[in-house]
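First comes the structure, then the notes that go with it.
Rule-based calculations on the coordinates, nothing more; no lab input. Small disclaimer: the values here were computed from a predicted structure and weren't measured. Quick reminder, even Gly has a Cβ in these numbers, built from the backbone with ideal geometry, and neighbours come from all protein chains shown.
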Amino acid sequence: MTAVPAAIDTVPADPDTVPVEPDTGPAHAGWRDTLREATDLALLGFAVALTALPVLTLAPALATAAAALHDRSVTGAWPDARTSLTRFGRALPAGVAAGAVALAAAGLVAADLVALATGRVPGGGPALTLTAVVVAALLGYAGLVTVAVGRTGSRGWRAAARRVARACPERPGVWAAASGVCALAVLLGVLVTPVAVPILGGYALAALHALDARRPVAAPEPS
């Protein structure tokens, strides 16, 4: 009568059926990683703001930051200061020219928006809305170009502009999302305190990078 219980006691336990205590380590690591990433993006935004103080260096600063984000996504680590300085110097000539053109266009668009909003130019609300949509689309395009330049080590502005110009009609959803990110960043930049604007810029650039990462792998352009 006692043989059966003894046999049962000697049966080895199935490891798949043994209850395992939940491990709370990854949960703590997760929020710490999120906090660290948010802090890094805020610091990236401040670095861009400081580098872009001469105004015309805004484009090279954004390209260098985009290249750093690309490195972060590929290798899991940020580039060192020497690499970033090299990239910034490499992006200066073409970046300053691109920044000058962008600033001139921004000035014209801003003057147009003010004229429409104050009634100096006929068109009223519909024209103002249409202009705002066009501006948002151009901002989204510029943001995607910046990300594309960052993927090539902050160089190749013309090639990136052509590549993104072809890709935007093929991926209207990504273009619309990028335009929305840029428009929201500009709106929040007007509403928040000035000290928070660089932080907002770092987050917006990271959002653009995440959107562009969903693109299909494209064949390299012929040289």
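Could you give log10 I(q)/I(0) at q = 0.19, 0.20, 0.27 Å⁻¹ for region 136-197, computed by the Debye formula over C-alpha point scatterers of equal weight, without solvent?
Log10 of I(q)/I(0), two decimals: -0.71, -0.76, -1.02.
Do any chymotrypsin sites (Phe, Trp or Tyr not before Pro) in region 128-180 lie in a loop, going by DSSP, with at most 13 other beta-carbon atoms within 10 Å of their beta carbon, and if so which?
Nothing satisfies the criteria.
If you put +1 on each Lys and Arg Cβ and -1 on each Asp and Glu Cβ, how big is the dipole of region 75-213 around its Cα centre, in Debye rounded to 20?
Dipole magnitude for region 75-213 comes out near 500 debye.
I need the P(r) histogram for region 93-192: all alpha carbon pairs, bin width 10 Å from 0 out to the longest distance, whole percents.
P(r) over region 93-192, rounded to whole percents: 15, 39, 34, 11, 1.
Ranking request for peptides 83-94, 144-155, 109-120: highest mean number of other beta-carbon atoms within 10 Å first, then the rest in descending order.
Most protected by this proxy first, the peptides run 144-155, 83-94, 109-120.
Grab the other residues whose beta carbon is less than 15 angstrom from that of Val96, score K and R as +1, D and E as -1, and report the net.
+4
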